[in-house]
Each structure stands twice: as C-alpha cells, then as structure tokens.
Amino acid sequence: MTDWCAEPVHLCLYPFLSAASEYVEESGITLDDLIHSGTYRYARSRGKERVIEAIKDGKVRKQAIISNAQAETELLSYPFARILVSCIEDERLVRRYAISEAKGAYETLLEDSSTGSSLDTDIIYEMSEEFGIRVDFLPGEREQVQMPFVDYLRFTANLRDKRWKLVNRELEKGKVKLRKSEFIRIIQEAMYERIKKDLPLDVPADICKAISGYTESIKKELEETRKKFGDAGFDFESGYRVKDPGCFPPCMSHILNNLKEGVNVPHSARFAVTAFLLNVGLTEDEIIEIYKNSPDFDADRTRYQVEHIAGDKGGVRYTAPSCATMRTYGNCVGNDEVCEKVSHPLSYYKLKLKKKRKKVEYK
Amino acid sequence: MNEKTKRFVRSKFEEYYRRAKIEIPRESWMREWGFVLFDQYFPEKMVMRRHKSFATSKDLVNYLRENAPAHAYHSAAIYKYPSATMANKGWLGADLIFDLDADHVISEAELSKYSYEDLLILVKKETMKLVHFLLDDFGFRADDIELVFSGSRGYHLHIKTEEVRGLGSRERREIVDYLTAAGLDMDRIFVKGKIRTLDGCVGKESTLLKPIGSWGKRLYRETIDFFQKISEVEEDEAVEELRKIKGIGDKRAREIIRIAKEEKQKEEIKRGILSPDIPMLEKIRDHLKAKIKDTPDEPVTSDIKRLIRLPTSLHGKSSLEVKPVRIEAFKDFDPLEDAVVFGDSPVEISAARNSSIEMKGERYEVEASEIASLPEHVALYFMCKGAAEIK
C-alpha cells in the first residue's frame with residue numbers, strides 16, 4: 001500500500017476502512033479516553049454532529065481538513081458516532097446513519113477519483129481491494145472498468161433502478177462493463193454494508209449512561225425530524241416513507257387489526273401483509289412483533305416465513321400482491337376513494353403519503 | 001400402479017442401483033438428501049423423506065441399494081448440519097442450478113399438442129440456448145457446467161464453482177431475469193447515437209439507433225437479420241412472418257416490407273444500420289426478444305435451499321436415468337436412447353390406456369387393456385407412466 005493511503009488526512013475521509021481502524025488501534029487511544037478524556041471532546045462533538053447530519057440531511061458531510069490533528073479528531077469521531085447510534089437503539093436510525101455515512105464517502109470518492117492524475121485509478125484500486133471487489137480498468141481507459149458479474153450482483157441486487165439490472169448491462173465472458181462513476185456507486189453499496197455491519201454495537205450500559213448528554217440531544221433531533229415529516233420517519237432508498245399506518249390501504253389495515261386482536265388470519269393475507277410491510281420498509285423483527293398476538297404464534301416458524309418472504313440478506317424478495325390478487329383471495333375489504341385510483345396496495349400507500357406530505361407542506 | 005407392478009418396478013430399480021456407478025456430488029456429506037420410496041403411498045401420494053444426510057458416499061450408495069427409491073434428490077445447498085430442521089441447517093452456500101422443463105418452455109394450452117418426443121426436442125433447443133448464455137455471457141467454462149437430462153421432460157444444469165456458491169436468492173434471480181429478459185429496458189439498450197457499421201465506417205447520423213450491452217447487441221443483430229430476411233424473401237412469406245407479430249396486421253406488414261425493400265434501406269441493413277424510420281420497430285423487437293430469451297424455471301434457480309434430482313439416479317415416473325451429458329456430446333444426445341438403462345428381455349404387460357413411445361429407435365404402441373410382450377425398458381417405461389401393469 002502506498003504511503004498516502006495510511007495518512008490520517010486520507011483515512012479520516014473513509015473512517016470505515018480497515019486501515020483507519022488499525023490507525024486508531026495503534027494510536028493507543030482507549031475507549032475510556034474517547035468517552036471521558038477532555039482531549040477528545042472535539043472528536044465527541046463531531047461524532048454527535050455526524051449522527052445529526054445523518055438525521056437532518058441524510059448525508060455526513062466531508063470536513064475541510066488541513067492538519068493531522070484535525071484529521072485525527074475527524075477519524076475518532078467515527079467510532080464515537082457508532083457508539084452513539086448503538087446506545088439509542090433505534091433500528092431505523094442505524095440504517096439511516098449507515099446510508100448517510102456511505103453517501104458522504106461516496107461523494108468524497110467521486111471527487112478523489114476525478115483529479116485527472118494517476119491517483120484516480122489508485123484510489124479505485126484501493127477501495128476495490130478493501131471490499132474484495134475484483135475490478136480492472138479496460139485497456140487504455142480511465143473511465144471504463146469491468147468486474148466479475150458475481151461481484152457486480154453482490155452489491156447491486158438491492159438497487160432498484162432498472163439500469164442496475166444485469167439484463168440492461170454489458171455482460172461478456174463473465175465480466176460486466178461499467179463507467180467509473182457507476183463503479184463508485186457500487187463501492188457506495190459496499191461501504192454501506194461495511195458501515196452497517198456490527199451495528200448496533202453491544203455497548204455496556206455504563207458507557208451509554210456516560211454519554212447520555214449526547215444521545216439525549218440526538219433523540220430530540222430525531223423526534224423533531226419525525227414530527228416534521230409526520231409519523232412517517234425517514235425517506236429511504238425504497239422511496240417509501242417508512243411505516244405510516246395512517247396511509248395504509250384498507251385491506252392491509254384490516255389484516256393488521258385482525259392480527260392485533262388475535263383473530264386467525266388466512267395464509268394468503270399473512271403473506272400479503274408481510275410482503276407489504278417489508279416493501280414499505282419495516283424490518284423483519286418489527287413484523288415478527290406484529291404476529292406475536294396471533295393465536296398460533298410460533299416464533300421460529302414465523303421468523304422462517306418472514307425471512308423467506310424477505311429473501312436472504314434482508315433484501316425484499318416478494319412484492320405485495322396487487323389489488324386483483326387481493327380480490328381473488330378475498331382479502332380486499334372494499335374501496336375508498338383512493339382505491340379507485342390505484343391497482344396496487346403499494347400505489348395506494350404512495351399516493352396517500354404524497355397527499356399527506358403536500359398537506360403538511362402547505363399548512 | 002398395483003402392488004405387483006410396484007414390487008416388480010422396485011426390484012428392477014434395485015437391480016439398477018446394485019450395478020450402477022452413482023455419481024456422488026461434491027461435499028455430499030454436507031448436503032440434505034430426500035427420497036420418494038416405492039412405499040404404500042406411491043404413486044398416488046409422493047411422500048418425500050427429506051432432511052437426511054450421509055456421512056460417507058458409501059452410506060449413500062448403501063441406502064440407494066437397500067431402498068431402491070423411486071426418486072432421489074440432494075440439496076443444491078451445502079449445510080453445516082444437513083439433517084437439522086430447515087431453520088437450523090446452517091446454510092453455507094449453494095450450487096447454481098437451472099431447470100428447463102417442457103411446461104415452462106411452452107404454455108399449458110400448447111403442451112397437450114406435442115408428443116413426448118417433440119417436447120424433448122423443444123426443451124433440448126432451449127437448453128442449448130441456456131448453455132450458450134452461460135458460456136458466452138456469464139463466462140463459465142464448459143467444464144464448470146454439469147448438464148443432466150432430468151429423466152422426464154427437461155434438463156438440469158449444475159454449476160458448482162466456488163464463485164457462485166455464495167450468491168443469494170436475489171442475485172440468482174437477477175441471473176434468471178437476465179436469461180428471460182425480464183426487466184429489459186429497450187430505451188436503455190437502444191439509444192440514439194453514432195454507430196460503427198459492419199464495414200467499419202461510422203454512421204455519422206446521431207439519430208441512428210445504437211445497441212448498448214449484450215442484450216442490446218444480441219437483439220440488434222437479430223433485428224438486422226430479420227429485416228435482411230424480410231427484404232429478400234417473397235412478399236407472401238414476408239407477410240406471413242410479420243403477421244406472427246402481435247399488433248401487426250396485413251396492411252402494416254406490407255408497409256414494412258415496402259420500406260425494407262427500398263434500395264436505401266436494403267443498403268443500410270446490409271451495412272448493419274437500423275434506421276429509426278422503420279415502422280413498428282418496437283413491436284418487432286419485442287417479438288424477437290421473445291425468440292431469443294431463455295425460459296428456465298425461476299424458483300428453482302433462486303431457491304437456495306432447493307432439492308434437485310441426483311444425477312445417475314432413476315426417475316420413478318419414466319424409469320429413465322437422470323443422465324449426465326457432456327456439453328460437447330449434447331448435440332447428439334437422445335434421451336430416449338441414451339438415458340435408457342434397462343434391457344430388452346421380454347416382459348408381459350397389460351395396458352391401462354392407449355400409449356405409444358419411441359425408444360432406442362423403435363416405436364411401440366399399446367391399446368387400452370391389450371396384453372403385450374414388450375422389451376423390459378419399454379415395459380418399465382409404460383409402468384412408471386401409469387400406462388400399464390405387469391401381467
């Protein structure tokens with residue numbers, strides 16, 4: 001590895017790299033120092049800022065770094081931010097935070113790789129190596145790369161836009177050709193995965209208590225943001241606002257009510273509501289929670305079924321059934337005026353959210 | 001199938017398993033196994049005995065010899081604990097598998113119009129297509145692809161490289177989508193731009209359609225070939241070809257032919273240029289897409305815990321071998337010859353219904369309630385089909 005890679009000024013831009021955690025480890029700074037020592041109060045407040053930026057802007061911004069000392073502060077703020085997020089115990093915040101970190105790093109990487117110098121390719125190779133992605137620049141090319149389709153699929157199977165579908169790609173002899181900028185988007189997915197990994201950390205209660213000043217103000221921010229956008233919470237990549245039961249179509253609300261009241265619900269309806277909730281961004285755990293009231297609840301079986309519908313690795317495997325299918329299985333409970341305009345429960349949800357958002361905005 | 005027939009078929013299967021060299025899949029001890037036996041439920045109810053595992057290949061072979069199963073399967077997946085319940089198996093990875101079966105290749109309505117022999121030919125063609133996709137686009141080596149006749153109406157492909165082992169369901173579904181052209185975005189694979197023509201010149205007009213990606217190129221080539229053909233054949237034949245396309249009637253067809261036959265168009269087509277002036281181009285492309293795409297059964301590939309037939313085992317509904325075929329030899333493979341494992345000694349049967357089959361190049365026909373003496377391999381085929389009982 002070249003020297004510049006190991007410099008804190010570089011590492012602090014990509015604090016999730018293994019070289020970054022090695023750097024922190026070797027620096028001899030202990031967890032105790034990070035939490036308590038006055039020396040690191042800037043790292044701590046920057047750590048809080050990272051999480052706040054994630055909540056407010058959906059992106060952790062790159063800082064102007066001049067000195068090594070600044071870089072070190074920036075670098076240390078990352079593990080601290082992870083501790084903060086972990087203490088708050090909010091699954092959606094964790095996701096939001098990881099996406100925001102990855103987005104920020106993605107933009108930095110875009111810049112870092114378009115300087116016009118040989119460093120452009122170096123940093124691409126550095127990142128690919130870090131994430132175990134095999135990539136080559138096409139001969140004589142600085143903007144075109146190719147990678148094995150297996151690596152390509154690993155990081156794009158969760159991207160929804162059609163352009164990422166393998167079928168719309170150039171695939172020849174097992175290699176997918178991409179523009180460099182597209183490849184960097186794939187790196188963003190890899191970064192997200194890395195950042196999300198191990199989160200939430202298992203932080204001892206006394207540490208969480210010691211930093212409750214930070215977590216409390218984050219929670220406040222979180223609440224305010226959620227209030228501003230209604231119950232909905234955040235916007236995720238799926239384009240749906242997570243979980244706003246007020247906007248669910250009547251069929252789904254009906255099934256959910258039955259589950260809540262412990263009424264036994266037919267399999268087709270369970271499937272529909274599970275797929276629907278996964279589609280709108282609920283986690284598997286949240287859904288299993290919903291089934292707990294069911295008269296025949298069996299934790300293992302439910303988990304297995306929910307995971308099956310979710311697909312492995314947490315990506316959503318099934319889309320909720322359309323209105324036509326819901327009717328076929330007798331799961332449609334009748335229309336309201338929004339139903340008239342849609343043919344799919346998810347479209348209902350989207351439309352209703354849009355209406356609601358407009359109302360909020362123009363209030 | 002009455003008890004006597006069942007006993008007979010089972011004894012023949014047992015004979016086979018005693019003499020056959022069974023191909024053991026790699027990491028067989030980490031796989032889940034499942035079997036359907038010639039038990040009291042067979043064949044009305046297929047009771048699958050699954051979640052089995054065998055520590056050694058010898059144990060497996062002994063099981064096959066002792067039980068002579070009607071159907072034998074193993075998991076595409078390898079597990080830490082292959083005999084545990086589904087949730088506790090500890091998935092470690094899975095072979096990439098494909099299943100091409102007649103009932104996915106053509107619609108159910110059409111299925112009954114084909115004879116078994118014709119179905120096999122049709123599915124073989126689809127399988128050939130799949131092999132080409134896997135070699136050319138996905139870059140697998142011929143040695144990496146295990147091609148197997150399913151013993152019934154199709155073919156299975158197993159790919160067991162380390163590379164594919166870790167692919168999740170979603171990733172596998174993407175592969176199927178690639179093969180079936182699902183989600184293919186015409187606007188993405190055909191963009192307006194300058195193209196390099198067949199004679200090496202660059203078409204300067206920026207309104208020309210330029211193919212992007214492998215599907216784009218494949219479809220582009222097919223479209224060029226299609227128009228070349230249209231411009232060369234007799235008008236009536238061209239009309240007939242065009243009218244196969246949904247949304248194109250007689251009038252439209254003739255208009256397309258007129259344009260395709262124009263000197264300027266002919267010239268451009270020859271140079272490999274598709275002019276956007278050609279009407280109904282989109283419909284034509286959709287039609288050609290359906291011709292080029294392949295039709296593997298999606299759930300089989302994307303289910304990472306699927307059971308698949310053990311190659312070299314027997315298929316209890318046909319008595320044919322689940323026969324591995326080398327890709328180089330596939331062209332000449334004839335399942336009704338090469339997957340036949342039983343001999344010619346005569347067996348007396350009583351036919352339950354009218355049936356016919358061509359095996360080993362010989363045609364056999366029986367009529368309902370007819371008593372006939374047939375070569376063992378034909379008799380067993382009819383019995384497994386439920387078309388005959390032993391006399």
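Taking the 0 to 90 degree range and rounding to the nearest ten, how far is the long axis of helix B:376-385 tilted relative to the main principal axis of chain B, both from C-alpha atoms? For B:376-385 against chain B, the angle is about 80 degrees. For the peptide B:160-173, the mean number of other protein chain Cβ atoms found within 10 angstrom of a residue's Cβ is 5.
Among A:Phe155, A:Phe276, A:Phe297, the largest mean-square fluctuation in a Gaussian network model of chain A, built with springs joining Cα atoms closer than 10 Å, belongs to A:Phe297.
The alpha-carbon of A:Lys177 sits under 13 angstrom from the alpha-carbons of these aspartates and glutamates, leaving out residues fewer than 8 places away in its chain: A:Asp136, A:Glu141, A:Glu143, A:Asp151, B:Asp137.
Amide H to amide H distances under 5 Å link A:Val176 with A:Met147, A:Phe149, where only residues 5 or more positions off or on other chains count and H is placed in the peptide plane.
Rounding to the nearest 10 and keeping the result within 0 to 90°, find how far the Cα-based axis of helix B:250-261 lies from the longest principal axis of chain B. Roughly 60 degrees, rounded to the nearest 10. Taking amide H as placed 1.01 Å from N in the peptide plane, the amide H of B:Ser313 sits under 5 Å from that of B:Val322, each at least 5 places away or on another chain. If only the Cβ of Lys and Arg carry +1 and only the Cβ of Asp and Glu carry -1, the dipole of segment B:39-178 around its Cα centre is close to 640 debye.
Taking the empirical scaling 2.2 N^0.38 Å for compact globular proteins as reference, the protein assembly as shown has a Cα radius of gyration ratio of 1.13. Overall shape: prolate for segment B:237-391, with the ratio a/c of the largest to smallest alpha carbon gyration tensor axis at 1.5 or above and a/b above b/c. Loop-located trypsin sites (Lys or Arg not before Pro) in segment B:18-112 (DSSP state other than H, G, I, E, B) with a sparse environment of at most 12 neighbouring Cβ atoms within 10 Å: B:Lys21, B:Arg26, B:Lys45, B:Lys80. Calculated [222 nm] ellipticity per residue, helices only, for chain A: -18000 deg cm²/dmol; basis is -39500 (n - 2.57) per DSSP H run with n ≥ 4, divided by all residues, nearest 500. Summarising the label geometry, the points placed 7 Å from Cα in the beta-carbon direction at A:Asp285 and A:Thr30 lie 3.0 nm from one another. For the peptide B:210-217, the mean number of other protein chain Cβ atoms found within 10 angstrom of a residue's Cβ is 4. State whether segment A:114-157 is rounded, prolate or oblate according to the following rule on the C-alpha gyration tensor (a ≥ b ≥ c being the square roots of its eigenvalues): a/c under 1.5 gives rounded; otherwise a/b larger than b/c gives prolate, and the remaining case gives oblate. Prolate shape, in that a/c is at least 1.5 and a/b is the bigger ratio.
Counting every pair of alpha carbons in segment B:342-391, the share spaced more than 14 Å apart comes to 38 percent. The helix-only estimate of mean residue ellipticity at 222 nm for chain B, built from DSSP H runs of length n ≥ 4 each weighted as -39500 (n - 2.57), is -11500 deg cm²/dmol after division by the residue total.
Given the options A:Thr319, B:Ser83, B:Phe38, identify the residue whose Cα lies farthest towards the positive end of the charge dipole of the protein assembly as shown (+1 on Cβ of Lys, Arg; -1 on Cβ of Asp, Glu). Sorting the options by dipole projection puts first A:Thr319. Among the residues of A:159-168, the average count of other protein chain beta-carbon atoms within 10 Å of the residue beta-carbon is 6. For segment B:1-97, the list of chymotrypsin sites (Phe, Trp or Tyr not before Pro) that fall in a loop by DSSP and count at most 11 other C-beta atoms within 10 angstrom reads B:Tyr41.
In terms of distances greater than 23 angstrom between alpha carbons, the cross-link table entries B:Lys12/B:Lys385; B:Lys210/B:Lys270; B:Lys4/B:Lys52 yield B:Lys4/B:Lys52.
Run the reach check for B:Lys45 against aspartates and glutamates, Cα to Cα strictly under 19 Å, same-chain hits fewer than 8 apart removed. What comes back? Leaving aside aspartates and glutamates fewer than 8 places away in the same chain, those within reach of B:Lys45 are B:Glu3, B:Glu389.
For the protein assembly as shown, the fraction of 1.4 Å probe accessible surface lying on carbon and sulfur atoms is 48 percent.
Take every pair of alpha-carbon atoms less than 8 Å apart whose residues are at least six positions apart; their mean separation over the length of segment B:50-176 yields a relative contact order of 25 percent. Working note: Cα gyration tensor of segment B:186-292, eigenvalues times five, square-rooted, sorted largest first, giving semi-axes of 22, 16, 11 Å.
GNM remark for chain A: springs join alpha carbons under 10 Å apart, and the peak mean-square fluctuation among A:Lys48, A:Lys341, A:Lys219 falls on A:Lys341.
Packing, taken as the mean count of other beta carbons within 10 Å per residue, orders the peptides A:64-72, B:93-101 from highest to lowest as B:93-101, A:64-72. Rounded to the nearest whole Hz, the Karplus-based 3J(HN,Hα) values (6.51 cos²θ - 1.76 cosθ + 1.60, θ = phi - 60°) of segment A:273-286 follow the sequence 5, 5, 4, 4, 5, 5, 4, 8, x, 6, 8, 4, 4, 4, with x at glycine and proline.
Ligands, DNA and RNA are left out, and with a 1.4 angstrom probe the accessible area of the protein assembly as shown is 47 Å² per residue.
Cross-link reach is defined here as a Cα-Cα straight distance under 17 Å, omitting same-chain residues fewer than 8 places apart; for B:Lys244 the aspartates and glutamates meeting it are B:Glu110, B:Glu222, B:Asp225, B:Glu234, B:Glu235, B:Asp236, B:Glu255, B:Glu282, B:Asp286.
Converting phi to 3J(HN,Hα) with the Karplus coefficients 6.51, -1.76 and 1.60 and the offset θ = phi - 60°, segment A:247-261 yields 9, 5, x, x, 4, 5, 4, 4, 5, 4, 4, 4, 5, 4, 8 Hz in sequence order, with x at every glycine or proline. Close amide-amide hydrogen proximity is noted between B:Val325 and B:Leu147, B:Val148, B:Phe149, each under 5 Å apart and 5 or more residues distant or on a separate chain (H modeled in the peptide plane; Pro and chain starts excluded). Using the Karplus relation 6.51 cos²θ - 1.76 cosθ + 1.60 with θ = phi - 60°, the per-residue 3J(HN,Hα) values for segment B:325-334 come to 10, 6, 4, 5, 9, 5, 3, 9, 6, 10 Hz, with x marking Gly and Pro.
Filter the cross-link list B:Lys21/B:Lys391; B:Lys229/B:Lys251; A:Lys341/B:Lys283; A:Lys62/A:Lys196 down to pairs whose alpha-carbon distance in this structure exceeds 22 Å. Cα-Cα > 22 Å for B:Lys21/B:Lys391; A:Lys341/B:Lys283; rest within. Highest GNM mean-square fluctuation among A:Glu129, A:Glu74, A:Glu53, for chain A modelled with Cα contacts below 10 Å: A:Glu129. Against chain A, whose longest principal axis comes from its Cα atoms, helix A:68-88 is set at around 20 degrees.
The values are calculated or read from the model by the stated rules, or taken from the named source; none is laboratory data. Model, not experiment: these values are computed from the prediction. Here the Cβ is made from the backbone with ideal geometry for all residues, glycine too, and neighbour counts use every protein chain on show. These area figures cover heavy atoms from the full protein model, side chains too; ligands, DNA and RNA do not enter into them. Shrake-Rupley method; radii C 1.70, N 1.55, O 1.52, S 1.80 Å.
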